[in-house]
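A quick write-up on the structure given underneath.
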Ligand code: NAD
């Protein structure tokens, strides 16, 4: 079967869905692989590395997609690319499809799998693109905060005097937040963190950070069966804001990562909180693509407020460390394919009744099959 890997064309997308390592393994499964020229450049992978791994380098999307049975992508293909995907092909990516997009895949006869919908179960961990990418986003956010901050993270004792350690506050302690805590601790910051899910409190402490937050009866049930945070009441958010406001005023660095599935990210840092911080403080908003956790975030931009606080609201945080994020993303897709692979037939065999497949499959044989989109 022919596997096509396209150059990503969406704004701020620097990642690629296959690496020379995964290309070799795809070929080992009995496939041929076509990689569009330049696909890996923003991740530090030249065409020659793919060619050495055995891939054909295709001049454009049409050449890569001609005859393809599998298409690997980071983001949803644009309309012009979609039109060139052969009927019957399997498309795997973080497709973020709404009902209209799913209908378009069905009409094009493409079996589309949206990897961001993968159930967060133990068996799926090695294919979990949200986790692999969030982990790196959390790391990168702290590194960029340290680079932007005009002092150091660790306490620096010198003959000329002592520079105190930076106070670092991580808001949202899921995958990205926990990695942000660990990274900030490694750099020597004095780290605290908050979350609404009760389980997060122990995880924060186990990484050596202090917990700052508001807890009540409502927050005891703040976690969905899938492990995500629930949307909570306006009263809860007001109480949470009261508790964190005084803390934020004393922080040098704030990293926000809070998401609520299917909704705009909650605003955790108000304009007044930003204005309470010292000049030179840095806020990194990893949730910027979901609307941001900070009232003054400008998605896709870095801004400095009138009181000298720098807010980094860049899009696509994993894409800012593209070499690593592409390597992990590509392995996630490879694991998904090898898990559902017919070795004899040398083709994908997505078991319709498997919990993982049910989670990610948007379309099959011309029909929209995902429960969240099928009736739309
Ligand atoms: P996420 O990206 O959806 O959200 C990030 C964090 O923001 C979460 O911890 C959430 O609780 C928090 N948050 C939401 N609203 C908040 C608020 N108002 N204030 C403070 N924090 C707020 O979460 P995620 O990183 O994808 O992790 C979600 C869950 O999935 C976690 O329980 C994680 O342990 C679990 N998980 C399980 C597996 C697995 O077992 N395979 C893999 C990955 C993640």
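The values are calculated or read from the model by the stated rules, or taken from the named source; none is laboratory data. Everything numeric here is computed off the predicted structure, so don't read it as measured data. Note that each Cβ is placed from the backbone with ideal geometry, even for glycine, and that neighbours are counted across all protein chains shown.
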When the range 321-347 is examined, which residues are found to be surrounded by fewer than 20 Cβ atoms within 10 Å (Cβ to Cβ) and in contact with a strand residue (DSSP E or B) (Cβ under 8 Å, 6 or more places away or on another chain)? 340, 341, 342, 347
Can you name the condition, by its number, that residue 164 falls short on among (1) surrounded by fewer than 16 Cβ atoms within 10 Å (Cβ to Cβ); (2) at pLDDT below 95? (2)
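How many of the residues making up the range 217-233 are part of a helix (DSSP H, G or I) and closer than 10 Å to residue 198 by Cα? Let's see the steps before the verdict.
Applying the first criterion (part of a helix (DSSP H, G or I)) to the range 217-233 yields 217-220.
Subset that is closer than 10 Å to residue 198 by Cα: 219-220.
So the answer is 2.
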Among residues of the range 263-281 being within 11 Å of the ligand (Cβ to nearest atom) and surrounded by fewer than 22 Cβ atoms within 10 Å (Cβ to Cβ), the residue farthest from residue 163 (Cα to Cα) is 263
Only one of (1) over 20 Å from residue 284 (Cβ atoms); (2) buried (at least 21 other Cβ atoms within 10 Å of the Cβ); (3) within 16 Å of the ligand (Cβ to nearest atom) fails for residue 113. Which number is that? (3)
Kindly provide the set of residues from the range 56-72 that are surrounded by 24 or more Cβ atoms within 10 Å (Cβ to Cβ) and part of a loop (DSSP other than H, G, I, E, B), ordered by number. 68
Is the range 293-312 home to any residue that is within 13 Å of the ligand (Cβ to nearest atom), free of Cβ contacts under 8 Å to residues at least 60 places away in the same chain and touching a helix residue (DSSP H, G or I) at 6+ places or on another chain (Cβ under 9 Å)? yes
Run down 245, 241 and say which single residue is near the ligand (Cβ under 10 Å from one of its atoms) and within 30 Å of residue 151 (Cβ to Cβ). 241
Among the listed residues 199, 165, 229, identify the single one that is near the ligand (Cβ under 9 Å from one of its atoms), farther than 20 Å from residue 269 by Cβ and in contact with a strand residue (DSSP E or B) (Cβ under 8 Å, 6 or more places away or on another chain). 199
Of the listed residues (260, 284, 255), the one being within 13 Å of the ligand (Cβ to nearest atom), within 21 Å of the chain's Cα centre (by Cα) and buried (at least 22 other Cβ atoms within 10 Å of the Cβ) is 255
Listed by range, strands (runs of 3 or more DSSP E) wholly within the range 102-216 having at least 1 residues that are closer than 30 Å to residue 83 by Cβ are 111-114
With criteria (1) out of contact with any helix residue (DSSP H, G or I) (no Cβ under 6 Å at 6 or more places or on another chain); (2) more than 18 Å from residue 320 (Cα to Cα); (3) modelled with pLDDT of 95 or more, residue 121 comes up short on (3)
I'd like the full set of residues that are more than 25 Å from residue 100 (Cβ to Cβ) and assigned to a loop (DSSP other than H, G, I, E, B), limited to the range 326-376. 340, 343, 344, 345, 346, 349, 351, 353, 354
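Of all residues in the range 209-226 being in contact (Cβ under 8 Å) with a residue 24 or more places away in the chain and in contact with a helix residue (DSSP H, G or I) (Cβ under 8 Å, 6 or more places away or on another chain), which is farthest from the ligand (Cβ to nearest atom)?
If we filter the range 209-226 for residues that are in contact (Cβ under 8 Å) with a residue 24 or more places away in the chain, which is where we start, we get 209, 212-214, 222-224, 226.
Restricting the remaining residues to those that are in contact with a helix residue (DSSP H, G or I) (Cβ under 8 Å, 6 or more places away or on another chain) gives 209, 212-214, 222-223.
Values: 209: 14, 212: 10, 213: 7, 214: 9, 222: 7, 223: 7 Å.
The residue in question is 209.
Quick check, is residue 194 under 28 Å from residue 320 (Cα atoms), in contact with a helix residue (DSSP H, G or I) (Cβ under 8 Å, 6 or more places away or on another chain) and away from the ligand (no atom under 14 Å from the Cβ)? Before you say what the answer is, go through the steps one by one.
Numbers: under 28 Å from residue 320 (Cα atoms): yes; in contact with a helix residue (DSSP H, G or I) (Cβ under 8 Å, 6 or more places away or on another chain): yes; away from the ligand (no atom under 14 Å from the Cβ): no.
So residue 194 fails the test.
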